[in-house]
Every structure is written in C-alpha cells, then in structure tokens.
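Here the structure comes first, spelled out in structure tokens, and everything after it is commentary.
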Amino acid sequence: MSGDPRARRGGDHALFDELAVGWALHSLEPEDEALFVRHLPDCARCARTVSETSEVMAALAADLPAAEPSAQLGDRLRAAVERTEQVPLPAPDDTSDLAELDDFDEPVDEPAPPRRATGFPHYEHVSAASVPTPTPWRRLLPSLLVAAAVVVILALGTWNVMLSEARTSAESAAQQQSEVLHRVLQPGQATIARLADEAGHEVATVVARPESVQVVTDGLAVNDRTQSVYVVWGMRDSGAVPIGTFDVDRAQMDLSTVGSSDESGLDGYPAYAISLERGRSAPPVPSDVVARGQVTS
Amino acid sequence: MGAVSPPDRRSAEDLADATLVRRIRAGDRGAVDDLYERFRRPAFALARRILADDVLAEDVLQDVFLSVWRDPSAYDRARGSFASWLLAMVHHKAVDAVRREESQRRRQSRAGEELVLAAPVEAQDVEAEAWARVVSERVRSALGLLPAAQREALTLAYYGGYTQREVAALTGAPLGTVKTRMLAGMRRLKEELGGVAGGASLGGALGGPAPVDGSNR
C-alpha cells in the first residue's frame, strides 16, 4: 500500500476505512468480514464510519418508490410479538453498559449472547430449519440478469460482464465445502448417523446434538420447495418422530440445520431417516423414506 | 420516517424514536405497533427493491421488527439515528434473504424477474410526501454526480445486494478497486447529501481526510 496516497495520509487505517463502508453495506467477502469484525470493537473511527455509511444508506432508501406492505403483516407481527419473549436486558435503563458487551461472536444457541452495541444490526442466526446462507459466489451467475435489470431501471450506467464461469464454480464449491465443515465441526458432543438410499449410496449424514440437528446432504435430489420438503425423522421402536424439515437446493454437498432449539434430546435416537414429503410440513408418519441409517458414533 | 425528514425535524423524530425504543425496552408490546406504523413504508420499499418479491420482503420486515422487540438493546443511540440503524438492519436481512433465495430464483423465468423489477409500484400517500420527493431528487442528483464506476459499485451493493467480489466480477474491476470506489463514493454522497444523511460528520472515514497518524484506530 506504500504507493497509495490514501495509505500515506491515513497510515494503514485506509484499509479499514474501506472495509467499514463495505461492512455497513453487507458486501464484504467472508475473509474481509472476519478481519474487520476483529478490528471494529476497538476502533471508534470505524464505528463512526459504519454509522455515517448507514445514514447515507438510509438516504438512498428514500429514493425508492413508495410501497405499502399488506394489511395482514401488521397482524402477523402483532401475533408474533405476543408470543415472543424479550431477551433479558443486561442492565435495564443503563445504556452505558451496552458498550462493554461484545456483538461479534456469532451466537449459536445462546438466547442472549454478550455483545457490543455498534449502532449496526448484529448478526443473528437464521431460525432453525431455514437454509444456511450460501456463500456469495453461489448466486453470482443467475444474478447477472437481475443486476442488469436493477441497473437499467436505475438508468445509472452500464458495465462489462467479465467473468470466468469455470473459475467461479470452482471457487464456489471450495468455499461451500469449507463452510460446511466449519459448521459441522463446532465444539461439543455430537451423534453421527450416515444415511444411505435404497441402492446403498450414502446421500446424507445426520449430525445430532441435544438441541439441534444438522444434515449434510451430498447427492439427494433437489426438491421443489413450492411443493415438497425433506423431513428428518428420529427412528425408535415405537415409531418415527419428525425432527424438522429442510430443502435441498443443490445436488452437491450442502448443510441444513433442522430442529427447534427449544426441543432437546434430538440426539437420542438409535437411527435417523429422511423422507420426501408433499407440502411444506412434516406428516405424522413418513411417507416416502429416501434414506436411512443407524447411529455410528 | 426519520430517514426522509427535513433536518429541522430530525432531532424531534430521533427523540420520538428514542421514546419508542425505551418503551420497547420496558416491555411495552404496543410500542412495536407504533414503531411498525412509523417505519413500515420505507422498510418495505427497501426490502422489496432488494428482493423483488413482496412476500419475502414482508418476511424480512416481520423479522426486523420482531428482533427489535426481542432485543431492543441491540440499538445504541450513541452510534447514530435509530432510523438509519433500522433501515440498515432491513438492508442486511434482505440481502441475506436474497442470497438464500437465489437458487429458488434461478428456477424462475428470467424474464419474470425482469418484469418484477420493472413493475411499477403502487403509489401511496406518504407522510411528508413533498419532502420525500425533495430527498429523492437530491439522492438522485447526488448519485448522478458520482463517477459512473463509483455509482455502479454502490448501487450494485446497496440496491442489488451484491458482495464486493460479485461487484468486481460484474464490473470487470479488481476487488481492491471496488473497495476504493465504494469508500470514495460514500464520501462523496455524504458530502452531497449533508443534512439529508445525518447532518454533521460524526468523525468517521466519510467526514474528511483520514487521520494523519491513524490515532483513531
């Protein structure tokens, strides 16, 4: 960076100025995000840059066509608020304490992770049974047209698409697999079951912990999520117990987290099975079992 | 509508927002209703632009307002206006959702996606509509003043939800260049938008030259 005038003026902090803007825009690559998230808690300048960027972003939002959500959304929200408890406040009415908390470790199961207030939304895990966030590369190719439409509509210019498809998919696969590994290898005891289809091919691995179950799929058919859903079942002598649902978005290795965090004992079955069901929820008993297997460890 | 209010109303609105947050912290469920009334339109406009899907956009809104209810202490008013924090959360969650949904979108007809994005939106009465138009004009002209490459990088990231590497691939620029363009573009927008975008500089990287000795670090 020594030849960069910004670097001379700002020391090596110019790098973080850039990352702060990218972070506020939620557009950083995972490695940059990891770097910045370690830096931010100790940097008042970056916290302010994030705030300033957020203010500009809010102004940009004002340039969108006005739109009104449906009337039902207000009712849905009210009902959801009614049945949702607040996380305990660390120190009610004393905001000064909030600055002492750390926001940046991704919470896994704790309801109220310690955090540092930054003036920016903290990361929250998607609810159980939703699909894990894919790596950014995954959406690049199909999005080209969307991007084109966005920019054309904004009438803000044009660009050249210069993209190597082969390189993209290779990077994509590598990143996805490393993410899968990272999430499966979180600390703690886990029960493992390998599930095979009727032909004996292993198509899924169930990683069960007391309060959550992860399914690594590799070769299960992609389902049409408007019409069907995969269901994970805990198998015991008295019958099958539905644990949760997931979708398969790609035939390559993928990871889904299923099961609700307020259940427990999800790791207590001698065997697990996966069925493909019509509709979007688990029936009382599995109809079309596509893979099953005993606990191996 | 703190994000589209005239500067002289900003502090009053920030105060009103702070009151709502305090009520939510005190466990007042009705305050979420009030918050929703206040921000549903700009929040929805942003989410549906990013997602190009009303149903998904509503899911994002529910998620956002519910998480403010669950954990109101996530907002620290020392760090900026509540409006900008809330809309940043809408942006963040909508971008997460568009990344999750991409494989689904892949199956849709591409022409369909274009149509959704191009579809005219229902015009609604908006509080302080005249001011909203002024802001909208100012934002448009501020964007217009940016060099095309900076504008492209910021609009792809903000309205399109693309990551920096995706923007780099889309625009044929090196990743480092994209990062620099985003910072430079934000600086310029901050300068042009001034009061619209939060008034005086808070002392971050957008407000002026980088610190001489990096002592802010």
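Observations, loosely collected:
- Filter pass, B:Ala169 being modelled with pLDDT of 75 or more and within 19 Å of B:Pro42 (Cβ to Cβ): no
- Pairs with Cβ under 6 Å, 6+ apart, first in segment B:84-100 and more than 7 Å from every other protein chain (Cβ to nearest Cβ), second charged (D, E, K, R) and open to solvent by 10 Å² or more (accessible area, probe 1.4 Å): B:Lys93/B:Asp63
- For segment B:147-172, a residue qualifies if it is within 9 Å of chain A (Cβ to nearest Cβ) and in a loop (DSSP other than H, G, I, E, B), and the qualifying residues are B:Tyr159, B:Gly160, B:Gly161, B:Tyr162, B:Thr163, B:Gly172.
- If you check B:Arg25, B:Arg40, B:Arg49 for being open to solvent by less than 50 Å² (accessible area, probe 1.4 Å), in contact (Cβ under 8 Å) with a residue 60 or more places away in the chain, of a type outside the set (A, V, I, L, M, F, W, C) and facing chain A (nearest Cβ under 9 Å), only one passes: B:Arg49.
- Residue match in segment B:136-157 (condition: at pLDDT below 55, open to solvent by less than 30 Å² (accessible area, probe 1.4 Å) and not polar (S, T, N, Q)): no
- Residue in segment A:118-128 that is in a helix (DSSP H, G or I) and either at the interface with another protein chain (Cβ under 7 Å from one of its Cβ atoms) or at pLDDT 90 or above (or both) present: no
- Tally, over segment A:283-296, of residues that are open to solvent by 40 Å² or more (accessible area, probe 1.4 Å) and either of a type in the set (D, E, K, R) or under 17 Å from A:Asp224 (Cβ atoms) (or both): 3
So that you can scan it fast, the table gives a plain yes or no per residue for (1) open to solvent by 10 Å² or more (accessible area, probe 1.4 Å); (2) more than 7 Å from chain B (Cβ to nearest Cβ); (3) under 25 Å from the mean Cα position of the chain (by Cα):
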site	(1), (2), (3)
A:Ala14	no, no, no
A:Thr53	no, no, yes
A:Leu64	yes, no, no
A:Gly74	no, no, no
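- Residue under evaluation B:Arg105, criteria (1) crowded, with 18+ Cβ neighbours inside 10 Å; (2) at pLDDT 85 or above, criterion not met: (2)
- Filtered residue count, segment B:173-191, keeping only those that are open to solvent by 10 Å² or more (accessible area, probe 1.4 Å), in a helix (DSSP H, G or I) and more than 7 Å from chain A (Cβ to nearest Cβ): 8
- Cβ-Cβ under 8 Å pairs, at least 6 apart or on other chains, segment A:38-51 side free of Cβ contacts under 8 Å to residues at least 40 places away in the same chain, far side open to solvent by less than 10 Å² (accessible area, probe 1.4 Å) and of a type in the set (Val, Ile, Thr): A:Thr49/A:Val21
- The one condition in (1) more than 7 Å from every other protein chain (Cβ to nearest Cβ); (2) at pLDDT 90 or above; (3) touching a Lys or Arg at 6+ places or on another chain (Cβ under 6 Å) that A:Phe36 fails to fulfil: (3)
- Residue match in segment A:86-97 (condition: within 7 Å of chain B (Cβ to nearest Cβ), in contact with a Ser or Thr (Cβ under 9 Å, 6 or more places away or on another chain), in a helix (DSSP H, G or I) and modelled with pLDDT under 90): yes
- Which numbered condition B:Val64 fails, given (1) more than 7 Å from chain A (Cβ to nearest Cβ); (2) of a type outside the set (Lys, Arg); (3) without any contact (Cβ under 8 Å) to a residue 40 or more places away in the chain; (4) open to solvent by 40 Å² or more (accessible area, probe 1.4 Å): (4)
The values are calculated or read from the model by the stated rules, or taken from the named source; none is laboratory data. In this text, all values refer to a predicted model and were calculated from it rather than measured experimentally. Because the Cβ atoms are built from the backbone with ideal geometry, glycine has one as well, and the counts that use them run over all protein chains shown. Calculation scope for accessible area: heavy atoms of the full protein, side chains included, ligands and nucleic acids excluded. Shrake-Rupley method; radii C 1.70, N 1.55, O 1.52, S 1.80 Å.
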